[in-house]
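The values are calculated or read from the model by the stated rules, or taken from the named source; none is laboratory data. The structure presented is a predicted model; accordingly, all values stated were derived computationally and were not measured. Every residue, glycine among them, receives a Cβ derived from its backbone with ideal geometry; neighbour counts consider all protein chains shown. Surface accessibility is based on the protein's heavy atoms, side chains included, excluding ligands, DNA and RNA. Shrake-Rupley method; radii C 1.70, N 1.55, O 1.52, S 1.80 Å.
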Amino acid sequence: MTPPIIVFDLDGTLIDTAPDLLDSLNHSLAAGNVAAVDEAGFRRFVGHGGRVMIERAHAAQNKALMAEEHDRLLKIFLDHYSVNIPGKSRPYPGVLAALDRFQAAGYLMAVCTNKYEANSATLIGALGMSKYFAAICGQDTFAFRKPDPRHLTETIKLAGGDPHNALMVGDSQTDIDTAKAAGIPVVAVDFGYTDRHVREFEPTLVISHFDTLTTGLADRLIAAAR
């Protein structure tokens, strides 16, 4: 029988990348003569990606943003972010212990993220976490991305897993909608990057710390979904 698999989102789920993404956002805004944003006001938008954050920063300051300038600032954002990995980004409390538990229990593990694949792999490698994952799939790995359920199911297959023996862990409506569309149970962390509480999106379960994510819990959630 194929081993069970647990698939994680990356930013806001496994790793707190907000400090670096906000630094890159402010770097790009400076290049466009737009004032820097504060972390408290923009942290919840980090999960939407650089393009959306640039757009929201301009809107918040009533600044016009033409398409060509948007593209220019996004390139500056991505270049700055890429050369500064891992920066201040760190795994959330309990993440490494949880990955050790699942690895010891024989689970396959993978990452399914809307971050670019190369940046995802570089970040995971820089933090010494590559050994845990059989696949790391980003927004450009396939011709589709979350919330398309194929992003999740193809990640599972690439890792050698079975979508009928799988669990997703994420922090956003996108993650929850993706897992539901794939027919896969989903655990949502409540400390990630979202402007609404994840409970509103009706995941299978909400947790507040990775210590709660045990192999026994994962086994039960997968079994209940079959």
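Listed values, structure above:
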{"quantity": "Beta bridges per DSSP with both ends in the chain, % antiparallel, nearest 5", "calculated": "10 percent"}
{"quantity": "Contour excess over end-to-end distance, with Cα ends at Asp162 and Arg72 and 0.36 nm allotted per residue", "calculated": "28.3 nm"}
{"quantity": "Accessible carbon and sulfur surface of the chain relative to its total accessible area, %, 1.4 Å", "calculated": "52 percent"}
{"quantity": "Reduced Cα scattering model of region 154-226, Debye log10 I(q)/I(0), q = 0.23 Å⁻¹", "calculated": "-1.05"}
{"quantity": "Rounded to 10°, Cα long-axis angle of helix 117-126 versus longest principal axis of the chain", "calculated": "80 degrees"}
{"quantity": "Degrees, to the nearest 10: 18-31 long Cα axis against longest axis of the chain", "calculated": "20 degrees"}
{"quantity": "Identified option (computed P(r) over Cα pairs in 10 Å bins from 0, in percent; candidates (1) 8, 34, 35, 16, 5, 0; (2) 8, 31, 29, 22, 10, 1; (3) 7, 29, 33, 20, 8, 2, 1, 0)", "calculated": "(1)"}
{"quantity": "Angstrom value of the Kirkwood radius, inverse mean 1/r, which spans all Cα pairs in region 105-210", "calculated": "14.0 Å"}
{"quantity": "Charge-dipole axis of the chain as Lys and Arg at +1 and Asp and Glu at -1 on Cβ define it, positive-most pick from Asn119, His48, Pro4", "calculated": "Pro4"}
{"quantity": "Degrees separating the helix 149-158 axis from the principal Cα axis of the chain, which is the longest one", "calculated": "60 degrees"}
{"quantity": "Expected 222 nm ellipticity per residue - DSSP helices of 4 or more, -39500 (n - 2.57), all of the chain, to 500", "calculated": "-13000 deg cm²/dmol"}
{"quantity": "Accessible surface, the chain, averaged per residue in Å² (probe 1.4 Å)", "calculated": "44 Å²"}
{"quantity": "Alpha-carbon centroid distance for the pair region 165-204 / region 58-126, whole angstrom", "calculated": "18 Å"}
{"quantity": "Mean separation of Cα contacts under 8 Å (6+ apart) over length of the chain, as relative contact order %", "calculated": "26 percent"}
{"quantity": "Max mean-square fluctuation residue, GNM over the chain, Cα-Cα springs under 10 Å, options Leu158, Leu22, Leu99", "calculated": "Leu158"}
{"quantity": "Residue of Ser130, Ser208, Ser28 that the Gaussian network model of the chain assigns the largest fluctuation, springs spanning Cα pairs under 10 Å", "calculated": "Ser208"}
{"quantity": "Global form of region 91-165, assessed from the alpha-carbon gyration tensor, a/c cut-off 1.5", "calculated": "oblate"}
{"quantity": "Nonlocal amide H pairs with Arg90, under 5 Å, H built at 1.01 Å", "calculated": "Asp16"}
{"quantity": "Highest-MSF residue in the chain out of Asn114, Asn165, Asn84 [GNM, Cα springs under 10 Å]", "calculated": "Asn84"}
{"quantity": "Globularity ratio of region 1-60, using Cα Rg and 2.2 N^0.38 Å", "calculated": "1.44"}
{"quantity": "Interchain or long-range residues, amide H under 5 Å from Val169's placed H", "calculated": "Val7, Phe8, Asp9, Val187"}
